[in-house]
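The values are calculated or read from the model by the stated rules, or taken from the named source; none is laboratory data. Remember, it's a predicted structure, so these values are computed and weren't measured experimentally. Note: ideal-geometry Cβ built from the backbone for every residue, glycine included; neighbour counts use all protein chains shown. We work out accessible area using only protein heavy atoms, side chains counted, and drop any ligands, DNA or RNA first. Shrake-Rupley method; radii C 1.70, N 1.55, O 1.52, S 1.80 Å.
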Amino acid sequence: MKSLWTDAEAATFPGELGQRVYTSRLLGRDKSLVLHGGGNTSVKIREKDLLGREREILYVKGSGWDLEKIEEAGFSPVRLDHLVDLAGLEALSDPQMVNEMRTHMLRADAPTPSVEAILHATLPFKYVDHTHSDAILAISNTADGDRRIREIYGDEVVVIPYVMPGFDLARLCAQIFPRDRKAETVGMVLSNHGIFSFGATARESYERMIALVDKAERALAKDSVGGQTGVRPRCDPGLSPAPREVAALRREVSRVAGFPVIVATHSDDASLAFARRDDVASIARRGPATPDHVLRTKRVPMVGRDVEGYAREYAAYFGEHAPRAREPKTMLDPAPRVIVDPALGVATVGRTAKDAQIVFDIYEHTMQVIQRAQGLGGWQALPPKDIFDVEYWDLEQAKLRKPGSNPPFTGEVVLVTGAASGIGKACVQSFFARGAAVIALDVNAAVESQAKRADFIGIACDVTDSGQLTAAIERGVRAFGGIDMVVLNAGIFPGGMRIESLADKDWDKVMRVNVDANLALLRETHPLLKLAPRGGRVVVIGSKNVPAPGPGAAAYSASKAALAQLARVAALEWGADGIRINMLNPNAVFDTGIWTEEVLAERAKHYGLSVDAYKKNNVLKVEVTSRDVAELAAELCGPLFAKTTGAQVPVDGGNDRVI
């Protein structure tokens, strides 16, 4: 492990707190040290208060902040002397601890201090760093981990036996560290938990962390007897479950959880190799690499696909340990967050795609830790009781609570065709706003970079090509676990052409895109929509030309009319499967690619109208935009239309011919 410090970069972070921010971000860049809000750092600064009194203040990472992106505002300023005094108490409840920290902060708007704030305060160093280093955990989580740590470091570190984080840990460290500290001591290892380093400057503390972890990595490289021992491929490497198998698994996990979930499947080489180990059922179910991870991953993954069996085991785990807790506990949902399966590889579960990605980020490192520890002679996690205490620790649970209710489509997935422009592009945003993960298809490759977020996958796809369509659906299902909603938007509108001039090739092209491709998409997504946890929903983007065709648009009008009939029949056939299908008939939506300023001006002139009047040439005299259509498309998939299927809804400002 190498230091990432550069003098030029450090110079852009002036002051003691600025330096604290800089080295905290350096730690956060290395995922083998901290992941998604893990770890914490601090600095002790002497400064004057409003009355001119000089006080020593502990600036410690605030709860909820991520080291990689932390700013000065992310550090909570707490009076140091008060925190040190608290460490001398015999007992301190969690609510009391939080109250004492918050009532002795200098800023009322600062975040709640880290639960390790008292521990940071007791260490007699200006700068203190704490990480959950993979290398340290791999060594510590073995039967003789403490002995190995002492052999590697000697007096460079003080070893603290595992106790519950928070006040109990701070009090124990306040007793052991002064007793065992030597002149050479530059760090502290918490068994089965992580490592601390400290120094007089931000750079010294940071580079001591890097040096300590580097020493652990070198020891692992020297002593490991092969972390991949036990790998036995059990099936064809190219064999992967069909999309409907993944969707069925997601439906079952959602049922047990009590809400729709995203299931992201990872079949990279490392995940498959781990899932196909002969001993995976044993080593994967011993516990997490560090108790902090249990909030995201639960104590153990599900090995295989017996969701009901996993839920029963989780209920038994809760039933065994909850009666011993200090205060009454309410069981969390019993659904797995990590699924290890020889065909799937590793699948991760979350309320959102971002949550599922965080779980994989954590478990990707956990797999490495487990196998490296196994290579040292045997992976060993903390007992279930200790993990339960952290999983149901109210202070840690608070990290996952978010104010307000979840958006209506949280945990659900929508597939949108023709998503790179116009109504399709607007649909992507409308479904994002309601919490859905989006699979966006378009023949235009620009769709692939349309959004950079965990809940979006853009796929360049010609929907008239059955091979491309099948591959796109499979890719989307592997990313999110299934498909709950479909917006059939892709379509073409050829230039105005009277019937006597309509060539077969032009007719065939329109029918292939506007009808045949939509039939294929409905057919391919039906088994997935049938497995949607809240029932499948389809919105078909039709046209005013269905009820009121115009001259010069025979192919377009006929194709949209055929699509309308297809949607009506599907509504009749699929109602028993819990799938509802409705159609929108927009008209004169001008903020799309085909309506350039020149075309608008020409059409307005044809009708003897200004461009603005032409845009509003309807009964209500309003302009209809792509967003208007998209918003109604999203609402048709929502609870307000839960009992509506087979409907055709105009979005045209009122058309006299339709009315």
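Scanning region 181-194 for residues that are open to solvent by 20 Å² or more (accessible area, probe 1.4 Å) and of a type in the set (Val, Ile, Thr) yields one hit, VAL186.
For region 639-647, state whether one or more residues are at positive phi, open to solvent by less than 70 Å² (accessible area, probe 1.4 Å) and not aliphatic (A, V, I, L, M). Yes, region 639-647 contains at least one residue that is at positive phi, open to solvent by less than 70 Å² (accessible area, probe 1.4 Å) and not aliphatic (A, V, I, L, M). Of the residues making up region 98-151, those that are farther than 20 Å from ARG181 by Cα and touching a Cys at 6+ places or on another chain (Cβ under 6 Å) number 0.
For (1) out of contact with any helix residue (DSSP H, G or I) (no Cβ under 7 Å at 6 or more places or on another chain); (2) hydroxyl-bearing (Ser, Thr, Tyr); (3) closer than 30 Å to LEU169 by Cα, each residue gets a yes or a no:
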position	(1), (2), (3)
SER254	yes, yes, no
THR265	no, yes, no
ILE283	no, no, yes
VAL303	no, no, no
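When ASP306, ASP341, ASP278 are screened for being open to solvent by 20 Å² or more (accessible area, probe 1.4 Å), closer than 30 Å to GLU524 by Cα and charged (D, E, K, R), only ASP306 passes. So, GLU68, is that one in contact with a Lys or Arg (Cβ under 8 Å, 6 or more places away or on another chain), part of a strand (DSSP E or B) and over 16 Å from ALA110 (Cα atoms) or not? When the stated conditions are applied, GLU68 does not pass them.
For region 56-63, state whether one or more residues are buried (at least 18 other Cβ atoms within 10 Å of the Cβ) and not in a strand (DSSP E or B). Checked region 56-63: at least one residue is buried (at least 18 other Cβ atoms within 10 Å of the Cβ) and not in a strand (DSSP E or B). Of all residues in region 270-314, those that are of a type outside the set (D, E, K, R) and assigned to a helix (DSSP H, G or I) total 20.
Which is of a type outside the set (S, T, N, Q) and either in a helix (DSSP H, G or I) or open to solvent by less than 20 Å² (accessible area, probe 1.4 Å) (or both), of LEU51, LEU83, LEU4, LEU35? Step by step, each of LEU51, LEU83, LEU4, LEU35 is checked, and only LEU83 is of a type outside the set (S, T, N, Q) and either in a helix (DSSP H, G or I) or open to solvent by less than 20 Å² (accessible area, probe 1.4 Å) (or both).
From (1) in contact with a Gly (Cβ under 9 Å, 6 or more places away or on another chain); (2) in a loop (DSSP other than H, G, I, E, B), pick out the condition that doesn't hold for VAL513. So VAL513 meets the others, but not (2).
In the set ARG324, ARG351, ARG296, only one residue is surrounded by 21 or more Cβ atoms within 10 Å (Cβ to Cβ) and of a type outside the set (S, T, N, Q); that residue is ARG296. Identification of strands (runs of 3 or more DSSP E) wholly contained in region 399-490 with 3 or more residues that are without any contact (Cβ under 8 Å) to a residue 60 or more places away in the chain yields 437-442, 456-460. Taken together, VAL486, VAL510 contain a single residue that is under 30 Å from ALA242 (Cα atoms), surrounded by 17 or more Cβ atoms within 10 Å (Cβ to Cβ) and not small (Gly, Ala, Ser), which is VAL486. Mind listing whichever residues of region 309-321 are under 13 Å from PHE388 (Cα atoms) and open to solvent by less than 90 Å² (accessible area, probe 1.4 Å)? Answer for region 309-321, where residues must be under 13 Å from PHE388 (Cα atoms) and open to solvent by less than 90 Å² (accessible area, probe 1.4 Å): TYR314, ALA315, ALA316, TYR317, PHE318, GLY319, HIS321. Contact map, region 639-650: first residue closer than 17 Å to PRO408 by Cα, second residue part of a loop (DSSP other than H, G, I, E, B) and open to solvent by 60 Å² or more (accessible area, probe 1.4 Å), Cβ cut-off under 7 Å, separation 6 or more or different chains; pairs are PRO639/PRO408. In summary, THR596 fulfils each of the numbered conditions (1) open to solvent by less than 40 Å² (accessible area, probe 1.4 Å); (2) among the hydroxyl-bearing types (Ser, Thr, Tyr); (3) more than 28 Å from ILE439 (Cβ to Cβ) with the single exception of condition (1). For region 549-592, the tally of residues that are open to solvent by 30 Å² or more (accessible area, probe 1.4 Å), at pLDDT below 95 and not aliphatic (A, V, I, L, M) stands at 6.
Considering only residues in region 86-103 that are aliphatic (A, V, I, L, M) and within 33 Å of the chain's Cα centre (by Cα), the one that is surrounded by the fewest Cβ atoms within 10 Å (Cβ to Cβ) turns out to be VAL98. Scoring ASP66 on the criteria (1) without any contact (Cβ under 8 Å) to a residue 40 or more places away in the chain; (2) exposed (fewer than 14 other Cβ atoms within 10 Å of the Cβ) leaves a single failure, condition (2).
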